[in-house]
Structure formats: structure tokens, C-alpha cells
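The values are calculated or read from the model by the stated rules, or taken from the named source; none is laboratory data. Here the structure is a predicted model, which is why all the values come from computation and not from measurement. Glycine gets a Cβ as well: all are built from the backbone with ideal geometry, and neighbour counts include every protein chain shown.
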Amino acid sequence: MNLKNIKDNFIIFGLVVPLVFSLIVVVIAYFAVPPFIDWLPNNKDKTQAVLEFDKNDYYQISYDNFSELSLNNFVGWLSSDDLGLGCAVTFDSEKENTNVASLSPLSREPWINNGGIIVTGKNTDKTFRNLHKAKIEDKVTINFNGHEAYTYEVVEITNKENREETYRHYANDTLVMCMRINDFRNLKQDYLYKVVVAKLVR
Amino acid sequence: MGDINSKGKKTICSFVAIIIASCIALSVSGIVAGGVLKSQQFVEKRMLKCDTILLDELNNKTEEIMSANSTFPVKAFTDAVGAAHVNTVLKQVSGNLIYGYKTDFSKSEYLYSYYKTGLTSYCNRNSIAIDPYMEDMISRDSSLAVDVFNQVCGDESTNFVIPFQEAQSSDPVVAAFVCWAIIIVCVLILRKLNYGDYFMYSYIAMSFIIAGALMIILPLFALIMDYPSLFNFTDVEAYNVGIKYCIEDVLKILAGTGGILALIGIVSMNVVYNRYCNIVSDIQTEMDIAEKLRKEYMQEQFNYEMENGLLSEDETKLKKANQLFMNDIEEDDLDDIEPEHYKKK
């Protein structure tokens, strides 16, 4: 082996192989990185609707009237593509520390005499936080467990109402969605409510 | 193990060197990026660059909601909570990103008191009497303003932003240990495949150069392609921009570290090259001397035999032809002699 061969060998080792390998990796990265970034579990639009659910995750009984339900029974699944909503609705569970919306006992069955629905949810990502983004004409659907799905269209949005004021929105063929806002005025941990009123779409 | 110059062995050694390079790049990147992203000071500095984005977002949202729901002008709210509060929020968010906590201001008594104080001051400045009704209005609107603040600045997804969570976990350290175990195995393979140490060192130097090249080229490529802006880890635009700044700066640091690795590789390669050249040069010098002595001896022997008439005319011609032939092949002979081969002799 003469000195020229040695020099050639070292140029291959020190320059050609590293550059060629790096270029190959860059080409691979060009195709692989964007899908990888999309695949990252936390790296997606967090306002997308959650339409798939497993009702077996909730305590459920079959019912025809809401009066047959008791605390925390699964009522149905509330979702909205427009709002990026998707959460379970359980019966009278407002005081429970769970990631579900609560169906008010004042509600009446839509399939019996066009009853109205009042649902209250927390100001969290998994429940009603996206109600902040509600706009008139947004669509919201409730899949009642064992019954058909009902779709409502947002017609009114109001802020800073107390609990009693939310009830005045109750009407037949109406869905009233109330999101709790912390009220600092007293020590009883009362709430203000952002209220989104939606009418049944026929 | 076959001939040291055999192409098969060179290919295997190059492949092993690439594995070593990948392990060096992975372990160093993991440790450096993990270490940097653990630093609250580093993250805070980048997050604070987004203060104007967040403040604008907050002011716009406050105007949108409070103008429709409050009797107080929007300025009363925007004066109550401003740039200083937003900076505090960004510092808090930096901590939340690093340690994995949700960002929630919905029950912040501090914020409530800031808004309440701001609205009260507004009333005082404008000579508005604060009767019980007005006080109730101030409290209610302050509660609502806290919710608006939470809409803009609150974000549950700060509890799991993958780069920060990975940095906090033991994964980079474990990965580094695994990589270094692989590197040790690969070095042993290289040693086994190369009788002379100098070839082994040149492959290791090549690994460092490849690792350095990877760590320079890939981060620069990611920066040129603007991959950091594809990340959308949180719901708040300002936080996403802050995280983007963090990732961009981590990539720049990795490129710098890659430069150091490449420099180590180049210097090592140069040292090995010079040492190798010296050895080959020494061998050639010694062989030249030996050849010169042999030629002198042969010439003397030839002259002696000629002078004493010991050779016939044909033998004289044959010996001269032999001398010419030996002179022709000596260069080729030298090419086939390796340092190790010479050392064994």
C-alpha cells in the first residue's frame, strides 16, 4: 500500500462515507418526519369532536322515562362536530367529580311530548370547555341510550347567569347546555353559567 | 478473518462504524436535548418571547366577551391585567410544561382580586359610587373576566407535551446506556476484524465524523423545512409558538454539539492518518536501505566474478538481465507489504 492509497482510503472514511450516509438519512427524514409528527398522540387538534365512545364505561340501565334513572346512570352521548364536543351525559351527576355532563332532573324526554333537555357540564376539555367557541347555528347531537339521536341547532348564547336564570331557557324541543364558571362572590362555591340554547332540528 | 483490504471486511467494518455513529448521535442528542428541556430557565426565556402574542389574544378575547356582557368598558379589564401578569403566566406555564401540570386559572383568587381591584380603581377614577349593587356587579364581572382569562391562558394539555415529558423521564438516560453498550460491542467487533489498531481507530474516527455530520445536517434540515412549526401540542397559540422556539433552539444546540463531535472525529482521523503515513514511510525507508545493500552486494559479487573470470559470456548477460528485472518489480513488491506483515517479520 502506498501513501496515495492510504490518503484515498482516509478521504473515503472521513468524508465520502459520512456525507453519503447523512444524505441518505436526510432523504429518509424528508419522507418520514411529517407522518411521524402527525402520528404523535398529543399533537393533534384538541377541539375535534369525540364521536366514538364505549357506553360500557358507564353505569347504564334501559329507560323510557328519565324518572327511571338514578344518580350517575348513563343517559347518552352528547357530541358536536362544529364545537368539537364529545362527552357522556349521566343523570343528575353535577356534584360528582367525574368528566361527564349532567342531565338535570328537570329534563323531559324528547320522545315523549317533545320534552326539553337541560345539561350542565364543567369548564374542562373533556366536558364543556369548547362551549366557549359556540356560535349560532352550530349543531349538537345527543344519542340517547336505547333511543334515537336528536340533533339541535344553537339559537342563543348567554353568559353570567345564575342557576335559576338558566331554567328560564327551558322549553319543549330545546336543549339547554350550561357550562359552570367559578363565581368568586361567595364562599359556597356557587357558579355562574354560560348558557347555550339549541332548538331541535326536525 | 481474511485479508485486511478485502472489500467484504471493509463493508462490514463500515456498517459497524455506522451503527456506532448512530448510537453516538442518539445518545448524545438524547442527553443534550433532555438536559436542555429540563431547564426551566431555558424554557422560560423562550416562552417569554410570546408575551405580546398572548397579551393580544387576551385583550381581543376580553373585548369580544366583556363588551357584550359587562357594563364596564373593556379598558377597565385590560388595565387590570396586563403584560406583567401575562409574563407571570408564561413563567408558570413553563413550569407546567416541564413538570407536567395542567394550566388552569378558573379558580385563581389572585386573578379575581386583580380584576376586582382594577374595576374598583376604575370606579374611583371615574367617581362612580360603589354601592352594594355596584359591588356585586364588580364581583360578578371580575368572575367572568377570570373565566375569559382562563379561556385564553388556561390549557389542560400543558400536562403532557411529549418533548418535555420525555426529557423529564428516564428514557434518555436508559437509551444512552443501551447505545453505549452497543458501541462497546461494535468496538470489540472492529478490534476483532482489524489486526492492526490503526484501521480500528480510523473506523472509530469515521463514526464520530458520521455522528457529527448527522447531528449537524439533520437539525439544520429540520430548521430549513420548518418542522418545529408543525407541532401543535397545546390549544393556546402563544404556547405553541413558545414550544416552537424551544425546539428550534434545541436543534441549534444539537447542531453545535454535532460540530464538536465532527471536529473530534476529524482530528482523530488526522492523527491516525499521520501516524499511519509515518509507519508506511518508515517501512519504505527500511526496505529501500535493505534493497540498496542487496544491490551493492550483488554488484560487488558480480564485479568480483567478472574480474576473476569466473563467469562465461552467457552467464554475464543473464546476471545483467536479472538485475534489470529486479529493478522493475521492486515497486510492486512494496505495495503488497502491510505494516503488520512487516511487524511480524
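Quick notes
- Test: residue in segment B:199-220 that is more than 7 Å from chain A (Cβ to nearest Cβ) and either surrounded by fewer than 16 Cβ atoms within 10 Å (Cβ to Cβ) or of a type in the set (Lys, Arg) (or both): no
- Unique match (being surrounded by 18 or more Cβ atoms within 10 Å (Cβ to Cβ), among the acidic types (Asp, Glu) and touching a residue at least 12 places away in the same chain (Cβ under 8 Å)) among A:Asp92, A:Asp64: A:Asp92
- Going through (1) closer than 22 Å to A:Lys55 by Cα; (2) modelled with pLDDT of 90 or more one by one, A:Thr127 falls short only on (2).
- Among the residues of segment B:154-191, those that are closer than 30 Å to B:Lys61 by Cα and surrounded by 14 or more Cβ atoms within 10 Å (Cβ to Cβ) comprise B:Gly154, B:Asp155, B:Glu156, B:Ser157, B:Thr158, B:Asn159, B:Phe160, B:Val161, B:Pro163, B:Phe164.
- Against the numbered list (1) touching a residue at least 40 places away in the same chain (Cβ under 8 Å); (2) under 30 Å from B:Asn126 (Cβ atoms), B:Val74 comes up short only at (1).
- Odd one out for B:Ala262 among (1) in contact (Cβ under 8 Å) with a residue 12 or more places away in the chain; (2) of a type in the set (A, V, I, L, M, F, W, C); (3) more than 23 Å from A:Phe13 (Cα to Cα): (3)
- Looking only at residues of segment A:149-199 that are polar (S, T, N, Q) and farther than 19 Å from B:Asn69 by Cα, we find that the one that is modelled with the lowest pLDDT is A:Gln189.
- Residue in segment B:209-216 that is in a helix (DSSP H, G or I), closer than 21 Å to B:Asn274 by Cα and either among the charged types (D, E, K, R) or without any contact (Cβ under 8 Å) to a residue 60 or more places away in the chain (or both) present: no
- Against the conditions (1) in contact (Cβ under 8 Å) with a residue 24 or more places away in the chain; (2) part of a helix (DSSP H, G or I); (3) buried (at least 17 other Cβ atoms within 10 Å of the Cβ); (4) not hydroxyl-bearing (Ser, Thr, Tyr), B:Asn59 satisfies every one except (1).
Yes/no matrix, rows are residues, columns are (1) among the aliphatic types (A, V, I, L, M); (2) within 11 Å of chain A (Cβ to nearest Cβ); (3) crowded, with 18+ Cβ neighbours inside 10 Å:
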| position | (1), (2), (3) |
| --- | --- |
| B:Tyr239 | no, no, yes |
| B:Cys246 | no, no, yes |
| B:Lys252 | no, no, no |
| B:Ala255 | yes, no, yes |
| B:Ile260 | yes, no, no |
| B:Met269 | yes, yes, yes |
| B:Tyr276 | no, yes, yes |
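- Looking across segment A:108-127, the residues that are under 16 Å from A:Asp64 (Cβ atoms) and surrounded by fewer than 21 Cβ atoms within 10 Å (Cβ to Cβ) come down to A:Arg108, A:Glu109, A:Trp111, A:Ile112, A:Asn113, A:Asn114, A:Gly115.
- Residue within segment A:98-113 that is closer than 30 Å to B:Ser142 by Cβ and among the β-branched types (Val, Ile, Thr) present: yes
- Of the numbered criteria (1) over 16 Å from A:Ile6 (Cα atoms); (2) modelled with pLDDT of 85 or more, the one B:Ile283 fails is (1).
- Pick from segment A:90-142, criterion β-branched (Val, Ile, Thr) and under 12 Å from the mean Cα position of the chain (by Cα), ranking: farthest from A:Thr158 (Cα to Cα): A:Val100
- Unmet requirement for B:Met66, which otherwise passes all of (1) away from every other protein chain (no Cβ under 14 Å); (2) farther than 29 Å from B:Gly259 by Cα: (1)
- When B:Val280 is tested against the conditions (1) touching a Leu at 6+ places or on another chain (Cβ under 8 Å); (2) more than 14 Å from every other protein chain (Cβ to nearest Cβ), the lone failure is (2).
- Criterion (at pLDDT 90 or above, of a type in the set (S, T, N, Q) and over 21 Å from B:Asp51 (Cβ atoms)) met by exactly one of B:Ser113, B:Ser94, B:Ser127, B:Ser106: B:Ser113
- Qualifying residues in segment A:128-184 (those that are away from chain B (no Cβ under 14 Å) and of a type in the set (Phe, Trp, Tyr)) - the one surrounded by the fewest Cβ atoms within 10 Å (Cβ to Cβ): A:Tyr167
- Output for segment B:118-153, where each listed residue is exposed (fewer than 15 other Cβ atoms within 10 Å of the Cβ) and within 10 Å of another protein chain (Cβ to nearest Cβ): B:Asp136
- Any hit, segment B:2-11, residues being out of contact with any Leu (no Cβ under 8 Å at 6 or more places or on another chain), surrounded by fewer than 20 Cβ atoms within 10 Å (Cβ to Cβ) and at positive phi: yes
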